[in-house]
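The values are calculated or read from the model by the stated rules, or taken from the named source; none is laboratory data. The structure presented is a predicted model; accordingly, all values stated were derived computationally and were not measured. Because the Cβ atoms are built from the backbone with ideal geometry, glycine has one as well, and the counts that use them run over all protein chains shown. Remember, those area values only see protein heavy atoms, side chains included, never the ligands or the DNA or RNA. Shrake-Rupley method; radii C 1.70, N 1.55, O 1.52, S 1.80 Å.
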Amino acid sequence: MIVLGVESSCDETGVGLVSDGVLLGDALASSMDAHARFGGVVPEVAARAHLESMLPVLHEALEKASLGLGDVDAVAVTAGPGLSTAVQVGLASAKALAFALGKPLYGVHHLAGHAAVDVLEHGPLPPRCVALVVSGGHTSLLLLGDLGRDPIVHLGDTIDDAAGEAFDKVARVLGLGYPGGPVVDRVARDGDPHAIAFPRALSRPSDPAYGFSFSGVKTAVARWVEARVDAGGEVPVADVAASFQEAVADVLTRKALAACREHRVGTLLLVGGVAANSRVRALAEERCAAAGVELRVPPIRLCTDNGAMIAAVGDLLVRAGAPASGLDLGADPSAPLTGALLAGPWT
């Protein structure tokens, strides 16, 4: 079975083709440059970019896989969560393909795709693992079983800014531009991560064990920089970036390892765009090694939103015998996470 996956939840238009856990080909187009002057993603701009990119990306993915549309056996698509207009473009495109080809359609949860993509690099996931999903729009801790068959247990989430969103806002405060994640990571390499003691939110015993909050550390950075400027001092950008990054990496990895201990699992899956951050990866490796926990991280190119991850979760659902979604499936921009399949008897 060859599964075609479509992703359009934010500013990347992605198409991938997967068969039996093997990535056959994929392609990706980003509208990031179009959003840079706004300092963040503009939903209508993203939706128009998806409309313009969908067919070229589809053709490129098929060409890389040396396949034609007639070779496709099933279509998977992100049905939520994400930006409403952006998700609708991908969903409409996938419905059109499924209808024209006479093939089943699987509407999947975006976060399940992030978890499934590691299968393409490292093989099947263990029977149970903890996944830390960290991106511009999501920061979540999940307890996973069989992604194709079992419910997903949502252990915790951010109560305000996602980690990636905080990186973007701190980059803006420091005058580093957009997107903030890569540039903060790069600048932080020349800084002292212990120069400034930025807060670690929700770290007290009375706080939610697996809850995250990054609004406070973002505000602390802004106030520290403002106070420095008001005092007439020069802002040590590298030290600020490194100290902020350390605070985020510390909270993310500490809570993830605590979840592994409590639920007695031996594997931590680190996925999402922020999984590409060098300090988050390094600290996760260090703490997992000390705790005897296996760390699995996809290649950097598969950490950001992409079509391969949606094809990967669709492939797992097909092989598990999951029921297909109907063509009347609607987009759900705030879809709750209960399973990989969106709107079905297993969700």
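Kindly provide the helix-only [θ] at 222 nm of the chain, computed as the sum of -39,500 (n - 2.57) over DSSP H runs of four or more divided by all residues, to the nearest 500 deg cm²/dmol?
When only DSSP H runs of four or more count, the value is -13500 deg cm²/dmol.
Could you state the angle between the C-alpha long axis of helix 307-320 and the longest principal axis of the C-alpha atoms of the chain, as a value from 0 to 90 degrees rounded to the nearest 10?
50
Pick out which of 195, 115, 100 has the largest mean-square fluctuation in a Gaussian network model of the chain, springs linking Cα atoms closer than 10 Å.
Result: 100 has the largest fluctuation of those listed.
Cross-link partners among lysines for residue 218, C-alpha distance below 21 Å, same-chain residues fewer than 8 apart left out?
Hits, sequence-local ones excluded: 169, 255.
Let me check I've understood the local charge: for residue 236, count other residues with C-beta under 9 angstrom from its C-beta, Lys and Arg +1, Asp and Glu -1. What total comes out?
Local charge sum for residue 236: -2.
Considering Cα pairs under 8 angstrom that are at least six residues apart, work out the relative contact order of segment 2-98 and quote it in whole percent.
Relative contact order, segment 2-98: 38 percent.
Among 44, 246, what's the order by accessible area (1.4 angstrom probe), most exposed first?
44, 246
Excluding residues on the same chain fewer than 8 positions from residue 103, give the aspartates and glutamates whose Cα lies under 15 Å from its Cα.
Counting by Cα, and skipping residues close in sequence, residue 103 has these aspartates and glutamates nearby: 71, 73, 315, 328.
Tell me whether segment 17-130 comes out rounded, prolate or oblate; compute the Cα gyration tensor, take square roots of the eigenvalues as a ≥ b ≥ c, and use a/c under 1.5 as the rounded threshold.
oblate
Report the local net charge at residue 208: Lys and Arg +1, Asp and Glu -1, summed over other residues whose C-beta lies under 15 Å from its C-beta.
0
Which ³J(HN,Hα) values in Hz, rounded to whole numbers, follow from the phi angles of segment 155-162 under the Karplus curve 6.51 cos²θ - 1.76 cosθ + 1.60, where θ = phi - 60° and Gly and Pro get x?
So the J values, rounded to whole Hz, are 7, x, 8, 7, 8, 9, 5, 6.
Under a point spin-label approximation (7 Å from Cα along Cα-to-Cβ), what is the residue 1-residue 235 distance to one decimal in nm?
5.2
What does the C-alpha gyration tensor say about the overall shape of segment 224-315? Classify as rounded when a/c is under 1.5, otherwise prolate if a/b is larger than b/c, or oblate.
Since a/c reaches 1.5 but b/c is at least a/b, the shape of segment 224-315 is classed as oblate.
Each residue of segment 136-147 in turn: what ³J(HN,Hα) in whole Hz from Karplus with 6.51, -1.76, 1.60 and θ = phi - 60°, glycine and Pro shown as x?
x, x, 9, 9, 9, 10, 10, 9, 10, x, 7, 4
So if each residue of separation counts as 0.36 nm, and I subtract the Cα-Cα distance between residue 190 and residue 51, what length gain in nm does that give?
Working it through step by step, the gained length comes to 46.0 nm.
Taking a ≥ b ≥ c as the square roots of the eigenvalues of the Cα gyration tensor of segment 66-170, is the shape rounded (a/c under 1.5), prolate (a/b larger than b/c) or oblate?
Oblate is the answer for segment 66-170, as a/c is 1.5 or above yet b/c matches or exceeds a/b.
Within straight cross-link reach of residue 64, meaning Cα distance under 19 Å, which lysines are found once same-chain residues fewer than 8 apart are removed?
Partners found: none.
What nm distance separates the two modelled labels at residue 338 and residue 264, each placed 7 Å from Cα along Cα→Cβ?
Once both label points are built, they end up 2.8 nm from each other.
Once amide H atoms are built 1.01 Å from N in the peptide plane, which residues 5 or more positions from residue 339, or in another chain, come under 5 Å H to H?
152
Please compute the per residue accessible area over segment 108-243 with all protein chains in place, 1.4 Å probe, rounded to a whole number of Å².
That works out to 42 Å² per residue.
Which distance in nm do the two modelled labels at residue 84 and residue 149 give, with both placed 7 Å along the Cα-to-Cβ direction?
Once both label points are built, they end up 3.9 nm from each other.
What are the ³J(HN,Hα) values, in whole Hz, obtained from phi via the Karplus relation 6.51 cos²θ - 1.76 cosθ + 1.60 with θ = phi - 60°, for each residue of segment 167-177 in sequence order, with x given for Gly and Pro?
Rounded to whole hertz, the list is 4, 4, 6, 5, 4, 5, 4, 8, x, 9, x.
By how many nm would the segment from residue 282 to residue 320 grow when fully extended, if each residue of separation counts as 0.36 nm and the alpha-carbon distance is taken off?
The residue 282-residue 320 span can extend by a further 10.2 nm.
So what's the angle, to the nearest 10 degrees on a 0 to 90 scale, between helix 237-262 and the longest Cα principal axis of the chain?
The two axes meet at around 60 degrees.
Given the chain, what percent of its DSSP beta bridges are antiparallel, to the nearest 5?
Of the beta bridges lying entirely in the chain, close to 60 percent run antiparallel.
Any idea how far the Cα center of segment 309-324 sits from the one of segment 130-153, in Å?
One Cα centre to the other: 16 Å.
List the residues whose amide H sits under 5 Å from the amide H of residue 25, counting only those 5 or more places along or on another chain, with H placed 1.01 Å from N in the peptide plane.
Here the answer is 17, since their amide H atoms fall under 5 Å of that of residue 25.
Between helix 43-65 and the chain, what is the angle of the helix's C-alpha long axis to the longest principal axis, kept within 0 to 90° and rounded to the nearest 10?
Compared with the principal axis, the helix lies near 60 degrees.
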